[in-house]
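Worksheet for the structure shown next.
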Amino acid sequence: MPKQNTEAMKRLRRKAMTLPLEPGVYIMKNKNGDIIYIGKAKKLKNRVSQYFGSNTNHGIKTIKMVENVDEFDYIVVASEYEALVLECSLIKQYRPKYNILLKDDKGYSYIKISGDEWKKITLAKQKLDDGAQYLGPYTSSYYISTALDEAAKVFKLPTCSKIFPRDYKKGRPCLNYFIGRCSAPCAGKVTKEEYAESVNEAINFLRGGVKSVSVKEMEKEMFEAAENCEFERAARLRDRIRAFEKLKEKQVAVLLKEKHADVFAVAHAADASCMSVLRIKDGKIFDAENFIIDTPEDAKNELMQLVVGYYSIRDYAPRLIILDFEVDDPALLQQWLSERFGYNVRVVGTGTAENMRLAHLCRNNGAQHLSHLTGRGTKEMKAVDELGVLLGIGKAPTYIESYDISHTAGSDPVGAMIVFKDGKPYKTAYKKFAIKTAVGGDDCASMYEVISRRAQRYLDEKGLDGFGTLPDVMLIDGGLPQVNAANSALSEKGIYTAVFGMVKDSKHRTRALVNENGEIAINMHRGVFSLIGNIQEEVHRFAITFHKSKHTKSARANSLTKIDGVGEKRAKALFSYFRSIEKIRNASVEELCSVPTITKPIAENIYKWFRKED
């Protein structure tokens, strides 16, 4: 990372200290005069001067932005509301590099119906000249994918990759057939005519939805088929009727009081985040939008910018907006929305059970979207997101470090650091520490030493991979004393990150996380319990393995001290040079003399010792 221009920082800080303590907008520019960041402030002087002071509390993105600032302008306004309006307008106009901007991956979607004998119905992102029939375009891919899934379940259409008629009667049916979700043409359980009838009915359903389907007509057909002894057809119609009844039950209103609402939530991965929006109309979810964003550093401010940006390019907002995150000033956002659309808009959090359920659904939708883009498992994403909520750290801890101390009755103490990235082991970042100052098996002193050394490496390598990355949370294998030791080491270096101890039950499994505010039980949260259990087992395994290796080497080296003239230092030098007792045993006097501090008389003593043993 390039070094900051000290003179430029001093010049910019002097200018920032002259700003008024009034609301306004500040505009950061690089040496070419390009606008690279726009922000608002209640008090310009306080906000802008923070950028040009210490980097201790700045994230990597902010540090890089500040390094590129050569000049800044500012505009004083009458109120913070006016600052918000002006900030929104300028960001929309200039789209600065370091502002988090909405990157909408949403495009038109189509329902594609293949043109062959055994038609398949799929979602398509574009309309091609391939002989297929296309329904659409639709602006909501969420709606289309949901409708296709419902149609496949109701009409028992195959969703596998098999091609018909090539694979007709060519295999055994899969699980979907046995749970009533597929008619299994692959096993010949349905004729071509019956399959075509199901596809045509599915197409009519996709054109008109549940309301277009007459359950009474299907019941009439079912009874007629039964009277004519067409029992298989009657059974298919019976199953279809049941599927439609379940579908109607699933499409009940999702809000108790409001029929229209937008729900916002954010899911995080290591290198990106996703702001997800669920749109509710007439009490039902009718659309979902996902926006890939840089992971926010100044979360409250940047997420408020995103919500404002979202509605600044729309001509409608519902009267209720539910946020699964905190913003700088909800009342200010509410005022801006109400004045923009000309009616009262309420901005609320997830205070009720219904709002929490919708926010959870919205966050999971974003997590699913991120998992497809990053290759990260949805299961791990959900666990990490849930852990962030439990710990109350304001974001999903996508980069977790865990520490353990290992020794044998105080001898050969070592420290181990492992990393879990996106809920999975990130072994290239694992580190080992040989304890140098703590003695006598003092776990707290050892933990203090390890965290202190790790913190210093962060200050020396800030912005680089490995030690230069500060974790979202540190998990210590131990209780509150070890947590306090780690916090003391961090605070002495001027560094803050969340630190929690892993408290074990009688079966040596982590049952809770602890810090100075008390314990947080995790055994009722299956995903988090599994994630923390995996972390605790991995850090313990890594520490034990390192300690055994070091202890074995130490024991072997100490066995050499029985030889006349060989003390602890010479024993370690011999073992370090030859790497094994067997090689020392087989070495000649001349080879032994190659080791530093080993003279010829001592080499002869070593040579004779092993011959005497033999």
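Derivation of every value follows stated rules applied to the coordinates shown; laboratory data play no part. These figures come from a predicted structure and were not determined experimentally. Cβ placement follows ideal geometry from the backbone for every residue including glycine, while neighbour counts extend to all protein chains displayed.
Taking 8 Å as the Cα distance limit and 6 or more residues as the minimum spacing, I'd like the relative contact order of the chain as a percentage.
Worked out over the chain, it gives 8 percent.
Could you give log10 I(q)/I(0) at q = 0.07, 0.11, 0.12, 0.13 Å⁻¹ for the chain, computed by the Debye formula over C-alpha point scatterers of equal weight, without solvent?
Log-scaled intensity ratios, in q order: -0.66, -1.15, -1.25, -1.35.
Give the distance, in whole Å, between the Cα centre of region 420-463 and the Cα centre of region 512-531.
Using only Cα atoms, the two centres lie 23 Å from each other.
At a Förster radius of 25 Å, what calculated FRET efficiency corresponds to the Cβ-Cβ distance of R166 and Q126, to the nearest 0.05?
With R0 = 25 Å, the Cβ-Cβ based efficiency is 0.45.
Once phi is turned into θ = phi - 60°, what whole-Hz ³J(HN,Hα) does the Karplus curve with 6.51, -1.76 and 1.60 give for every residue of region 310-315, x standing for Gly and Pro?
4, 8, 6, 10, 10, 9
Would you please give the FRET efficiency between A434 and H508, computed as 1/(1 + (r/R0)^6) with r the Cβ-Cβ distance and R0 = 30 Å, to the nearest 0.05?
Rounded to the nearest 0.05, the efficiency is 0.70.
So how far apart, in nm, are the two label points at C593 and T561 if each is 7 Å from Cα heading toward Cβ?
In this crude label model, C593 to T561 measures out at 2.8 nm.
Using Cα pairs closer than 8 Å and at least 6 residues apart in sequence, work out the relative contact order for region 109-213, in percent.
On the way: 135 pairs, mean separation 24.5, N = 105.
Reported relative contact order: 23 percent.
In whole Hz, with x marking every Gly and Pro, tabulate ³J(HN,Hα) for region 357-363 from phi via Karplus 6.51 cos²θ - 1.76 cosθ + 1.60, θ = phi - 60°.
5, 5, 5, 4, 4, 5, 5
How large is ³J(HN,Hα), in whole Hz, for each residue of region 384-392 in order, when computed from phi with the Karplus curve 6.51 cos²θ - 1.76 cosθ + 1.60 and θ = phi - 60°, using x for Gly and Pro?
In residue order, the calculated couplings are 5, 4, 5, 4, x, 5, 4, 7, x Hz.
Taking H placed 1.01 Å from N in the peptide plane, check which residues at least 5 places from A498 or on another chain put their amide H under 5 Å from its amide H.
M474
Report relative contact order for region 485-583 in percent, whole number only (criteria: Cα-Cα under 8 Å, sequence separation at least 6).
Relative contact order of region 485-583: 12 percent.
Local charge sum around Y316 (other residues, Cβ-Cβ under 13 Å, Lys/Arg +1, Asp/Glu -1)?
On the way: positive: R279, K281, R314, R319, R340; negative: D262, D287, D315.
Residues near Y316 contribute +2 overall.
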